[in-house]
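Computed from the coordinates by the stated procedures, all read-outs in this text should not be read as laboratory data. Computed from a prediction, not measured in an experiment: that's the story for all the values here. Cβ coordinates were reconstructed from backbone atoms using ideal geometry, including for glycine residues, and neighbour counts include every protein chain displayed.
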Amino acid sequence: MKAAPDPTSRLRAMGRAFADRNYRLFFAGQGVSLVGTWMTRLATGWLVYRTGGADAAWLLGAVSFAGLAPTFFLGPLAGVLVDRWNRHTVLIVTQVLSLLQSAALAGVAFAAGPGPGTVWLVAALSVFQGIVNAFDMPARQSLLVEMIARREDLPNAIALNSTLVNGSRLIGPAAAGAVIAAAGEAWCFVIDAVSYLAVVAALVAMRLPKRDRPRTAGSIRAHLIEGMRYAFGFAPIRALLLLLALVSFAAMPYSVLLPVFAAVVLGGGPHTLGLLSAASGVGALTGALYLASRRSVLGLGRVIVIATVALGSGLVAFAQSEAVWLSAGLLVLTGAGMMVQMAAANTLIQTMVDEDKRGRVMGFFGMAFQGAAPFGSLLAGWLAGAFGVQAVVTGSGVIVIGGGLVFATQLPRLRRAARPVYARLGILPEAPDGVSAATEQAHGARA
């Protein structure tokens, strides 16, 4: 009779990346900093809404676009430079620049008065932060590998990172609401600026192994072309990036339309909006914890298909719901689907990519994940004015489901393409025929 799984063993597996001192430092510093980041996101929106006047709704979309679009345009170039530079140094610089940006936002907020002048200053600082983030994402994702001594613990580190992001997503906005009510938006930005000191201190305290970085030959343009050919010439990475871009473009914009659902469709107010946002965050946190509990990449291809279809189905059902608690429950599903799809794709890409091209591939990852979303938000806002928010979110869900099903049809081919890479890296044990049996399943269902 098969023994029941040991819950204690599963809990230990969830935290196995903490065995590395460097990762423990990174996790602790990020835990403090991310709460401040989410406080700034909410405070920025409220400051724009408060000072934007009659154009506040349009300005909210414009400021959001200003903060995210640079990743789309600069992500690939940033990835090239991250591969040429010291990733640890790049990440320290991005954190210091983010600290200065938050301090500048605090100065703007302390002096803020009604009118467009304040909003355009906020937009300009959002563009600056977007440029910083374009470099921060590939540097952060690439450095993660250097923090983890055992490559098989990398999926756990990525999942724990996602858990941290979504845990802070629940704490930060609530804290920001209390601070804004008590003292105003400026103090949220001050707290965020101070919080960056924690992650800078953690990065400085790390003792990373010395890695011989080969001398860079060739121009930036040549390296960009090489990275593009590698990322989009290798079928498994190309398929994961395209699916991620589709989901980001079609599904993420629903969050921009949440205020309309809360007020118009569900007949609620700020508390309803808070409930919907929290429900999505709870789902994302649950999905991240599920991934952290997994011991390997075994079966992640199937997991991506299930998560993508669940996300699309949740969006379609949410668009039709007119009951608050049903809508909140469906957003738990969509939040979990979004997080699992994104983090699982990240895990598979990180375990397959060649080390000397990691920064460039993660630049394309940032372009797909963060860069596609603002364009989808702009389109969704325009279509919502013409056809209504329910029709737009329904269409988004159908597109996501279609993308997931197309990806499912490609899994056998992607599995065959990835098989030699996993066998060469020795990430998973070899099957009797010399092929990694786990890799067989890591990219989809058995044929």
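Rounded to whole Å, the principal axis extents of the Cα atoms in the range 17-205 read 54, 35, 24, largest first. Given R0 = 35 Å, the distance between the Cβ atoms of Val194 and Val127 translates into a calculated FRET efficiency of 0.90. Across the range 171-176, computed HN-Hα scalar couplings (Karplus, 6.51 cos²θ - 1.76 cosθ + 1.60, θ = phi - 60°) run 7, x, x, 5, 5, 5 Hz from first to last residue, x flagging Gly and Pro. Here the gap between Phe232 and His271, fully extended at 0.36 nm per residue and compared with their Cα-Cα distance, gives a gain of 9.6 nm. In order along the range 246-259, the phi-based Karplus estimate (6.51 cos²θ - 1.76 cosθ + 1.60, θ = phi - 60°) of 3J(HN,Hα) comes to 4, 5, 4, 5, 8, 9, 4, x, 4, 5, 5, 8, 4, x Hz; Gly and Pro are listed as x. The calculated pair-distance distribution of the range 225-355 uses every alpha carbon pair, bins of 5 angstrom beginning at 0, and gives 2, 11, 19, 20, 16, 12, 9, 6, 4, 2, 0 percent. Projecting the Cα positions of Ser293, Val63, Ser377 onto the charge dipole of the chain (unit charges on Cβ atoms of Lys, Arg, Asp and Glu, taken about the Cα centre) puts Ser293 furthest along the positive direction. When every alpha-carbon pair in the range 99-156 is counted, what percent end up more than 18 Å apart? I get 53 percent for the Cα pairs in the range 99-156 exceeding 18 Å. Helix 87-110 and the long axis of the chain differ in direction by around 10°, with both axes built from C-alpha atoms. Helix 220-233 axis versus longest C-alpha principal axis of the chain: approximately 70°, rounded to the nearest ten. Charges were assigned to the Cβ only: +1 to each Lys and Arg, -1 to each Asp and Glu. The resulting dipole of the chain about its Cα centre is roughly 1260 debye. Excluding the site residues themselves, the longest part of the chain lacking any trypsin sites (Lys or Arg not before Pro) in a DSSP loop with at most 12 other Cβ atoms within 10 Å is 216-445. If you wrap the tightest convex hull around every Cα atom of the range 234-447 and split its volume per residue, you get 109 Å³. Highest mobility in the GNM of the chain, judged by mean-square fluctuation with C-alpha springs under 10 Å and restricted to Asp354, Asp136, Asp153, is found for Asp354.
Note on Ala201 and Leu170: with the Förster distance fixed at 25 Å, the Cβ-Cβ geometry gives a FRET efficiency of about 0.55.
Modelled spin labels at Tyr49 and Ala423, positioned 7 Å past Cα toward Cβ, are 5.6 nm from each other.
Stretching Asn86 away from Ala28 to a fully extended chain increases their span by 18.7 nm, per 0.36 nm per residue minus the current alpha-carbon distance. Using 0.36 nm per residue and subtracting the Cα-Cα separation, the extra length available between Lys210 and Ala19 on full extension is 66.8 nm.
Counting pairs of alpha carbon atoms under 8 Å apart in space and at least six apart in sequence, what relative contact order in percent does the chain give? Relative CO of the chain lands at 25 percent.
Computed over the Cα atoms of the range 284-366, pair by distinct pair, the Kirkwood hydrodynamic radius stands at 13.9 angstrom.
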